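In what follows, a single structure is set out as structure tokens and then discussed.
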Amino acid sequence: MFNSLQDKLDKALHNISGRGKITEINVAETVKEIRRALVDADVNYKVAKDLTKRVQDKAIGQNVLTSLTPGQLMTKIVHDELVDLMGGSQEGINLSDKPTIILIAGLQGSGKTTFSGKLANYLKQKRSKKPLLVACDVYRPAAIDQLKVLGGQIGVPVYTEEGNLNPVQISENAINFAKSNSHDVIIIDTAGRLAIDQEMMNEIRNVHQAVKPTETLFVVDSMTGQDAVNTAKAFNDVLNYNGVVLTKLDGDTRGGAALTIRSVVEKPIKFISTGEKMEALDLFYPERMADRILG
Ligand code: GDP
């Protein structure tokens, strides 16, 4: 994860370490290299520019020029800025409603169905909940089967209605089913398309308005870089969701989505998905991610 970004930041920060005397020009060069590394990692240009401007101001303000360990000081400044950029602290999910309804949204192939299974597994194993999965991807029977298989693996029931093409109705029926079967969390997996289209947005908006979820989570493939950020924005405009789930962080992703989404949509990343197995799910900790990026 983020190998190229790690290498470039390491190189930039290494160059300023171990010098006898640091000048403002050295700081400016380092900052420029950091900016280039971030842009190469698909971080939005303005976000990278603002971040590195703050790094430069802090470096000068905190006397990096006279520091005996300028490399360490710069690394700490960059670390703190990355943590801030990613939202500061971990934000969990709100499970206070009885039952708690969680709506899962995102493009087709982003990893929604896989995440729905992982979330159910996490809530069952780690939070002692009794979840119900709901298959609302009514256009793709394969997606319904996929959710049933995942449900079987983790021992969580899956609510489906064969032949019913109305996701609002299915969701409402599922909520009634959950209430009479003492399920305390309902996870609704919705239909996605390959790209944003009005019909999909209307459908998810209708489900959202009908079920009034406790949490709406937007799932996005971290490999898609700036597109991930644009899609995140489009879904947020319609759903005003509560949090983001970044998937496929086990792949060769450059890091742009993880670093930029928070500041663009002003919603926290809540979970990261790091594989196809049901256990490959982690809460997102900005601090840990910054540690990882800086090696
Ligand atoms: P959906 O169309 O949004 O429901 O997406 P799926 O859940 O069907 O996922 C699409 C593909 O990505 C499937 O082959 C999943 O196994 C795979 N996938 C999902 N999440 C991850 C992940 O975090 N890492 C990897 N490597 N693959 C994933």
All conditions in (1) among the polar types (S, T, N, Q); (2) crowded, with 20+ Cβ neighbours inside 10 Å; (3) assigned to a helix (DSSP H, G or I) are true of residue 216 except (3)
Of those in the stretch 106-135 that are within 11 Å of the ligand (Cβ to nearest atom) and either more than 21 Å from the chain's Cα centre (by Cα) or part of a loop (DSSP other than H, G, I, E, B) (or both), the residue surrounded by the fewest Cβ atoms within 10 Å (Cβ to Cβ) is 109
Taking the stretch 184-203 and keeping only residues that are modelled with pLDDT of 95 or more and open to solvent by less than 20 Å² (accessible area, probe 1.4 Å), one is left with 185, 186, 187, 188, 189
Those residues of the stretch 271-295 which are in a helix (DSSP H, G or I), open to solvent by 10 Å² or more (accessible area, probe 1.4 Å) and touching a residue at least 12 places away in the same chain (Cβ under 8 Å) amount to 287, 291, 292
Q: Report yes if some residue within the stretch 67-89 is on the phi < 0 side of the Ramachandran plot, away from the ligand (no atom under 16 Å from the Cβ), under 23 Å from the mean Cα position of the chain (by Cα) and outside any helix (DSSP H, G or I); otherwise report no.
A: yes
Note on the stretch 136-169: residues touching a strand residue (DSSP E or B) at 6+ places or on another chain (Cβ under 6 Å) and assigned to a helix (DSSP H, G or I) are 144, 147, 148, 151, 167
Quick count over the stretch 7-45, residues being under 17 Å from residue 82 (Cβ atoms), among the hydrophobic types (A, V, I, L, M, F, W, C) and part of a loop (DSSP other than H, G, I, E, B), is 2
So, residue 10, is that one in contact with a Lys or Arg (Cβ under 7 Å, 6 or more places away or on another chain) and not small (Gly, Ala, Ser) or not?
no
Flagged in the stretch 59-116 as in contact with a Pro (Cβ under 9 Å, 6 or more places away or on another chain) and of a type in the set (Val, Ile, Thr), in numbering order, are 64, 83, 100, 101, 102
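Hey, does the stretch 76-89 have a residue that's open to solvent by less than 40 Å² (accessible area, probe 1.4 Å), touching a residue at least 24 places away in the same chain (Cβ under 8 Å) and among the β-branched types (Val, Ile, Thr)?
yes
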Selection from the stretch 239-270 of residues within 14 Å of the ligand (Cβ to nearest atom), in a loop (DSSP other than H, G, I, E, B) and not hydroxyl-bearing (Ser, Thr, Tyr) yields 248, 249, 250, 251, 252
Checked 233, 248 against criteria (in contact with a strand residue (DSSP E or B) (Cβ under 6 Å, 6 or more places away or on another chain), closer than 30 Å to residue 289 by Cα and open to solvent by 60 Å² or more (accessible area, probe 1.4 Å)); the one match is 248
Only one of (1) within 11 Å of the ligand (Cβ to nearest atom); (2) of a type in the set (Lys, Arg); (3) farther than 28 Å from residue 35 by Cβ does not apply to residue 212, and that is (1)
Of those in the stretch 22-75 that are open to solvent by less than 50 Å² (accessible area, probe 1.4 Å) and polar (S, T, N, Q), the residue farthest from residue 9 (Cα to Cα) is 67
With criteria (1) over 12 Å from residue 116 (Cβ atoms); (2) within 15 Å of the ligand (Cβ to nearest atom), residue 154 comes up short on (1)
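The values are calculated or read from the model by the stated rules, or taken from the named source; none is laboratory data. Only a predicted model underlies this, so the values are computations on that prediction, with no experimental measurement involved. Ideal geometry is used to build each Cβ from the backbone, glycine not excepted, and the neighbour counts take in all protein chains shown. Keep in mind that these areas ignore ligands, DNA and RNA; they rest on the heavy atoms of the full protein, side chains included. Shrake-Rupley method; radii C 1.70, N 1.55, O 1.52, S 1.80 Å.
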